[in-house]
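The values are calculated or read from the model by the stated rules, or taken from the named source; none is laboratory data. What you see is a predicted model; the values in this text were computed from it and never measured. Cβ atoms come from the backbone with ideal geometry, glycine included; neighbour counts cover every protein chain shown. Side chains included, ligands, DNA and RNA excluded: accessible areas come from the protein's heavy atoms. Shrake-Rupley method; radii C 1.70, N 1.55, O 1.52, S 1.80 Å.
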Amino acid sequence: MHVAVSGGTGFIGRPLVDTLLLQGHQVRLLTRDPRRVAARSGVQAAALFPAPDVGGCDAVVNLAGEPINQRWSAAARRRILDSRVQATSAIAEAARRSGTVKVMVSASATGFYGGARGDEALDEGDSPGNDFTARVCSAWEEAARPAEQAGLRLALLRIGVVLHTDGGALQKMLPPFKLGLAGPLGSGRQWMSWVHRDDVVSLVLHALRTEAASGPLNATAPEPVTNADFTKALGRALHRPTFLRAPAAALRLALGEMSTLLLDGQKVLPRRTLETGFRFAYPTLDAAFAQLFGRN
């Protein structure tokens, strides 16, 4: 298979590209600066803007987007939205025109469901929220729709909190946890819909090859946990205490509106993802931490 990948040098994109190459596929990296992509066997580089060339590719995977874990100034909001919508629109249009692409797998996020939904169990059939992240995700997904309307199979991965030690949220958490200076955030009752990075990569590959994998698919482990339970599990994995609660007011002061990512939660379940036949290698948090920290 010949797969075009945007965001192929990022936290999820890097291991995805490595896995595609290991399985014998060809990869075309869609990037803002093709000259900066290191030459690798089986990898081409093509410009993402203004019009990516995906001709000859069988599939496209869209992972591009400005990091959302920054203070949400007016300028940052615009970058976060535009980086997703503009890249996705360009890729969807290129896929539509290619004549060769049959499937598009495009990232979204569990932010689609909005924050502060309490203990409500959410799956792919639930409606979007109405806060900033929900509006971004809705626009992000809508930007991919022209590919679907043109007859391509479109899978929209609503990705939760991705866990791995070499990046993402977990890497930022580790220093205070290792020092024994961590604890629940705010009340600790908010839900965390997490997923091991290996399972995200596997789900992308599953979506590429599985005809039933279309529409929204929640990329979240089947057992979400509260922030308090997540904190306890990570403390157990690291053999460190977790008594120092971070007050909600302090987080709001330090992070502004972005603090909602930490203090508001969603209990997201991968109902449709499981119905397509996908099975998570790490369905429980203890299993994920055992793999990540080398403990049985």
Apply the Kirkwood formula to segment 179-250: the hydrodynamic radius equals the inverse of the mean of 1/r over all pairs of different alpha-carbon atoms; give it in Å with one decimal.
14.3 Å
Percent of Cα-Cα pairs per 10 Å bin, from 0 to the last occupied bin, for segment 5-90, please list those.
17, 48, 27, 8, 0
Convex hull around the C-alpha positions of segment 1-147: the volume in Å³ per residue is 128 Å³
If every Lys and Arg gets +1 and every Asp and Glu gets -1 at its Cβ, then about the Cα centre segment 57-199 yields a dipole, in debye to the nearest 20, of 480 debye
Hey, with R₀ at 25 Å, roughly what FRET efficiency would Leu253 and Arg189 work out to, going by the Cβ-Cβ distance, to 0.05?
0.75
Can you give me the Cα centroid spacing of segment 250-290 and segment 59-108 in angstrom?
21 Å
What share of Cα pairs, in percent, lie more than 17 angstrom apart in segment 85-212?
67 percent
Between Ala51 and Glu211, what is the label-point separation in nm under the 7 Å Cα-to-beta-carbon projection?
3.3 nm
With every protein chain in place, segment 7-64: carbon and sulfur % of accessible area (1.4 Å)
50 percent
Whenever you get a sec, compute what percent of the accessible area on segment 120-264 sits on carbon and sulfur atoms (1.4 Å probe).
57 percent
In the chain, lysine pairs closer than 29 Å at Cα, eight or more apart or cross-chain
5
Under Karplus coefficients 6.51, -1.76 and 1.60, residue-wise ³J(HN,Hα) of segment 224-229 in Hz, glycine/proline x
x, 9, 6, 4, 5, 5
Diagonalise the Cα gyration tensor of segment 144-296 and give the resulting equivalent ellipsoid semi-axes, square root of 5 times each eigenvalue, largest first, whole Å.
31, 19, 12
On a full-extension model of 0.36 nm per residue, what is the gain between Leu174 and Arg78, subtracting their alpha-carbon distance, rounded to one decimal in nm?
31.5 nm
When the Kirkwood radius is taken over all Cα pairs of the chain, what Stokes-Einstein diffusion coefficient follows at 20 °C and 1.002 mPa s, in µm²/s?
109 µm²/s
Over the chain, with neighbouring protein chains present, the accessible area per residue in Å² at probe 1.4 Å is 45 Å²
Would you kindly give the portion of the calculated P(r) for segment 9-53 that falls above 14 Å, as a percent of all Cα pairs?
48 percent
Treating only Lys and Arg (+1) and Asp and Glu (-1) as charged, each at its beta carbon, one finds that the chain has a dipole about its Cα centre, in Debye to the nearest 20, of 740 debye
Note the full-extension length gain between Arg71 and Thr19 as 0.36 nm times their separation in residues minus their Cα-Cα distance, in nm to one decimal.
15.4 nm
